[in-house]
Structure formats: C-alpha cells, structure tokens
Amino acid sequence: MKEFKTKLIGQGEKTIAIVACLHGDEVVGKHIQNWLIENQDKLKCKAKLIFGNPEAHIKDTRFIHENLNRVFPGKENGNYEEKQAFRIMQDLKDVDMVLDIHSTTLDINPFAICVFGKDEKDMIKSTGLKNVMVYTPGKSYKGQTLCQAINVPAIAFECGQHKKQKTLENGIKIIKNIFRHYNYLDGSPEYKDQNFFKTEGVMIESEKNMILPENIQDFKLVELNEIIAEGNNSKILSKESFYPILISRNLERREKGVLMLKSKKINYSRGKIVE
C-alpha cells in the first residue's frame, strides 16, 4: 500500500485520529491503519490516519535523534523527531479524539494508557481492556507524550509484543471495540472490569545492563525487599511494594537506565482518584 504521512478516510460528523509508528519499529499501528483503509466503506465516521516517524520506520529503529513520544508539542525547526511532533500536532487540530497505537518488547497482554487528571473514562471503557496505566506527568519519564500535549480526548494502548501476528490481532480487536462503542462500526462492543495503575516514578539501574528476574512481570505486585534487578556488582531491592509497568528487559532499547515504571493500584474515575 502507498506510503503516506496523513490520510483521511471514511465519512461522518466526527473524526478519530489513529496515530501509528511514533516509534519506528512498532509496526502494529501501520497494519491497523491499512486494515481501516481496506474497511473504510464500513466506517460511520472520518478516520484521520497519521504516520508518526517515517524515517525511523524505514530504518527499523525506535527513533533517529530522540524518543518522539517525549518531545511533544515539538518544534518547527528542531531535530527530526521534534519536527515530526510539530507536524503531528498541526494534523490533529481538527479531530475529535486521538488513539495512539504502540507495541512492546515483551510478550504481555494489551493495556490502555491515559494521562492522570484528564477525564477519558468513556474512551478507556471503549477499549475493552482489563488493565489501564494512569500516566503521571512529571513523575515518570521526562518530556511530554502525545496524549499529554493534545487538548482533545486521547488515549494510547499497547497491543503486545513487536511484530507478532497476535499483536496485530489484538490491535484490530481494540480498534473494532472502540469504533463499535461509539457506533462508528456495526457490531456489539465487549467490556471488562478495569484495573487502574497510577505511575509513581521510575526504577533506575545502579549499574549498566542490569538483568531483571523472570518473576518481575508487568502488573504483578512486587513485594517489599524483593529483588528487582541484578548486576555484576550489585542488586536492587524494592523499598516498598508496587506494580511494575513497561519492564525494560531489552538492553538495547533501555532508555537512560530506566528499568520500569513504578505504579500503585487505585480507584480512578473522571480524572480523579476515588477514595
């Protein structure tokens, strides 16, 4: 299929943006966009397809200069990723909601991501996903993500492991569920009781290339004093119980020594913690 940076398909009053490949080697979003193009006659809304990082995709790498999903809203005359972020923000000025599609290095179940303080309850429900990461600006990675920077309702979701058929199937299932929830596609959506995990910071390796024990898994509780990373000369023990998210086992993709995000399980509704 012919390459594009932005493509508008479908018909209807509302416009949903589907953003793919903010990280060049995460190809699931590209395949989902192609699926939407092939099925555009069935859509009851407009879908604005935005390709995030073309050059990194061509080179099958995460990024060229820096993580595109940390430099929003970008710069018109910045480095390559900053220019792409600026372009994407311009392309999103006329949309009603944003879906940002990702995959990971690990074979994990899909989960949704929203920004703490933004009321995206209906969008989160529409995904039909069990686990939701509530991203806390300033307490996790530095720099703004797309979902933080945009002023319309926006969520991201991780579909599974890179370049796996199951990941593509997961992604298409999620997209179908969202479109069906809003009556933009025929069919009945499926819903699940959802668990919310608010990010509380990051775990940084104390020496380069530390290894994570196999029992450390995404969304699985880590107990106090449990070993969470081991190196040649040191170990890291948890100083409190927490739930890890986006564990970084791949040493080549580990950014700035970040081993994982720390999170706590919360009751969450309409952008606020419910006690």
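When the residues of region 1-27 are filtered to those that are surrounded by fewer than 22 Cβ atoms within 10 Å (Cβ to Cβ) and of a type in the set (Asp, Glu), the one that is nearest to Gly171 (Cα to Cα) is Asp25. Considering region 97-151, and only residues there that are modelled with pLDDT of 90 or more and among the hydroxyl-bearing types (Ser, Thr, Tyr), the residue that is nearest to Asn183 (Cα to Cα) turns out to be Ser126. In region 68-91, how many are over 17 Å from the mean Cα position of the chain (by Cα) and assigned to a loop (DSSP other than H, G, I, E, B)? Residues flagged as over 17 Å from the mean Cα position of the chain (by Cα) and assigned to a loop (DSSP other than H, G, I, E, B) within region 68-91 amount to 6.
Among residues of region 219-275 being touching a strand residue (DSSP E or B) at 6+ places or on another chain (Cβ under 8 Å), part of a loop (DSSP other than H, G, I, E, B) and polar (S, T, N, Q), the one that is surrounded by the most Cβ atoms within 10 Å (Cβ to Cβ) is Ser248.
Does at least one position in region 45-55 carry a residue that is of a type outside the set (A, V, I, L, M) and closer than 17 Å to Gly171 by Cβ? Break it down into steps so the answer makes sense when it comes.
Start the filter on region 45-55 by keeping residues that are of a type outside the set (A, V, I, L, M), which leaves 45-46, 48, 51-55.
Next, only the ones that are closer than 17 Å to Gly171 by Cβ stay: 51-52.
Yes, region 45-55 contains at least one residue that is of a type outside the set (A, V, I, L, M) and closer than 17 Å to Gly171 by Cβ.
Listed here are the residues, each with its yes/no results for (1) more than 26 Å from Gln33 (Cβ to Cβ); (2) modelled with pLDDT under 95.
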{"position": "Phe157", "(1), (2)": "no, no"}
{"position": "Arg180", "(1), (2)": "no, no"}
{"position": "Val202", "(1), (2)": "yes, yes"}
{"position": "Leu224", "(1), (2)": "yes, no"}
{"position": "Phe242", "(1), (2)": "yes, no"}
{"position": "Arg249", "(1), (2)": "yes, yes"}
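Residues that are outside any strand (DSSP E or B) and either more than 16 Å from Arg254 (Cα to Cα) or touching a Lys or Arg at 6+ places or on another chain (Cβ under 9 Å) (or both) within region 49-67 comprise Gly52, Asn53, Pro54, Glu55, Ala56, His57, Ile58, Lys59, Asp60, Arg62, listed in sequence order.
The values are calculated or read from the model by the stated rules, or taken from the named source; none is laboratory data. Source: prediction; values computed, not measured. Positions of Cβ are backbone-derived with ideal geometry, glycine not excepted, and every protein chain shown enters the neighbour counts.
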